[in-house]
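Notes follow once the structure below has been shown.
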Amino acid sequence: MPLSPALTPSDFATSVVAVPPIALKPDLTLNLEANAALVRHIGAGGVTILLYGGNANLYNFPLGAYGEVLEMLKGFDGPTSRVITSIGPDFGKMLDQAPLIERSGLKNIMLLPMAFPADSHGVGDGVRRIAARLGFGVVLYLKRDMYVRPETLAKLVDEGAVSFVKYAVDRADPAVDAYLDAVIAAIGPERLASGMGETPIADHLGVRGLASYTSGAVCIAPRTAMRLLALYKSGRTAEALALSEPFLAFERLRSELGGIQVLHDAVTLSGLADMGPIMPMVSNVKARHHDRVRAAAEALLAAERQIAG
């Protein structure tokens, strides 16, 4: 079966973007059955876009294992489930991964954000080079203030090097964000997804009108997340805020104990799929916190059952 083409902004506007963890066996090899079970659950809730990046801890996969991940993701990509995978974060790793991406045939790729050393012009140069190497535009992940200056970003979009943007710059108050305002002015809200789960979406979707949002909790409660997206897009903010309570509680726990860690183990503790260990350099949640993680996951499942009727 041929793989799906590159996602367009209109595709992003129709679905929450699920950001799943990757299930591993104790020897750190892929657990194909558990990963497929989680993807089936997400798809059954109406979510059509899967993004494998930070929550999947792709930062820490060696090249050989990364190639195996791509082979698995090819099997998830199709008419009803569109897959985005990630490369990087450093330029050298991107170049090493590029031949594997080409062999896989996957056309939706996000660049993981580089923390250090990186500056706006350097990132812009790297984006242009990797997009030229792959032969198509990439999803750019903005994780810190002025990672790429808005005027540089506008040029990258105009040139076709950037197709879409995940915006995840953390703010104490999401409503006060001069960088996001400048990015919207440069490329428009239709090319932007809010990238920090449910915490900022009352502003990012309800006020600023971004196309969609990325979520880890959607992996547990996909129907409810899709309902949230629809409510915000239709201006029913009060209903959306009420429905978002278990998501916000889950995100608070992730902020306290680790975003990757809590999501990974919440999927296991929810009973949806056994995600196993996490690829180092990230660790699983300590056993003493399991009851709290399980309770947060069960609250999401309860919301999901209510939506499902």
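Take peptides 167-180, 208-221 and line them up by average Cβ neighbours within 10 Å, highest first, as a rough protection proxy. If you can, show how the numbers build up before the last one.
Numbers: 167-180: 15.6, 208-221: 26.9.
The densest-packed peptide leads the list: 208-221, 167-180.
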>> Taking every DSSP beta bridge with both residues inside segment 9-308, roughly what % is antiparallel (nearest 5)?
In response: 5
> Can you give the charge dipole size of segment 9-308 about its Cα centre, rounded to the nearest 20 debye, using +1 on the beta carbon of Lys and Arg and -1 on the beta carbon of Asp and Glu?
Replying inline: 260
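Given charges of +1 on the Cβ of Lys and Arg and -1 on the Cβ of Asp and Glu, with all other atoms neutral, how large is the dipole of segment 1-126 about its Cα centre, in debye to the nearest 20?
Values: 7 positive and 11 negative charges, 67 e Å.
It comes to approximately 320 debye.
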>> Longer than 25 Å from Cα to Cα, which of LYS74/LYS166; LYS166/LYS233; LYS93/LYS166 are they? Say none if no pair is.
In response: none
> Cα centroids of segment 215-232 and segment 135-177: how far apart, whole angstrom?
Replying inline: 23
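Based on the alpha-carbon gyration tensor of segment 72-228 and its eigenvalue square roots a ≥ b ≥ c, which shape applies: rounded if a/c is under 1.5, prolate if not and a/b is larger than b/c, or oblate?
Numbers: a/c = 1.85, a/b = 1.14, b/c = 1.63.
Here segment 72-228 falls in the oblate category.
Averaging over every viewing direction, what projected area does the convex hull of the Cα atoms of the chain cover, in nm²? Write out the running numbers ahead of the final one.
Numbers: hull surface 58.4 nm².
Mean projected area for the chain: 14.6 nm², to one decimal.
Laboratory data are not the source of any read-out in this text; all were calculated from the coordinates shown. Here the structure is a predicted model, which is why all the values come from computation and not from measurement. Using ideal geometry, Cβ is built from the backbone for each residue, glycine included, and neighbour counts are taken over all protein chains shown.
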